[in-house]
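The values are calculated or read from the model by the stated rules, or taken from the named source; none is laboratory data. Quick caveat, the model's predicted, so the values are computed rather than measured. Backbone-built Cβ (ideal geometry, glycine too); neighbour counts: all protein chains shown. Ligands, DNA and RNA are stripped out before the accessible areas are found, and what is left, the full protein with its side chains, is counted by its heavy atoms. Shrake-Rupley method; radii C 1.70, N 1.55, O 1.52, S 1.80 Å.
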Amino acid sequence: DKASQENERKGIVIDSPNGQVATVQIAGLVARRIVCFTKKGAHTQAGQRFGLIRFGSRVDVYLPEGVTPRVSIGQTMVAGETVLAELS
């Protein structure tokens with residue numbers, strides 16, 4: 001929990017036809033470095049990588065109301081491969 005407040009973090013909001021999806025990349029104790037591949041106003045595609053946290057850490061994802069989750073709590077996900085939710 002302290003990492004959420006003290007470590008480097010980067011937030012991104014993605015506008016989609018089904019609402020906004022927000023992400024917060026939080027670097028861990030070892031990582032301490034977030035690399036962002038996108039810029040404000042850029043267009044992204046489903047599955048496209050928008051950033052990297054060196055040596056791992058975590059990404060919090062905030063979905064719009066009414067979406068159907070496709071993952072469960074504690075499930076391991078793979079960037080660019082795992083579908084998190086059904087937006088339509």
(message) Can you confirm whether Val30 is in contact with a Leu (Cβ under 7 Å, 6 or more places away or on another chain) and of a type outside the set (Lys, Arg)?
(response) no
(message) If a residue must be touching a residue at least 24 places away in the same chain (Cβ under 8 Å), farther than 18 Å from Leu87 by Cα and open to solvent by 100 Å² or more (accessible area, probe 1.4 Å), how many such residues does segment 13-47 contain?
(response) 4
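I need a count of the residues in segment 48-72 that are in a loop (DSSP other than H, G, I, E, B) and either open to solvent by 50 Å² or more (accessible area, probe 1.4 Å) or under 13 Å from Lys10 (Cα atoms) (or both).
As a first pass, look at segment 48-72 and keep what is in a loop (DSSP other than H, G, I, E, B): 48-50, 54-56, 63-67, 70-72.
Imposing the further condition that a residue be either open to solvent by 50 Å² or more (accessible area, probe 1.4 Å) or under 13 Å from Lys10 (Cα atoms) (or both) reduces the set to 48-50, 54-55, 63, 65-66, 70, 72.
Number satisfying all stated conditions: 10.
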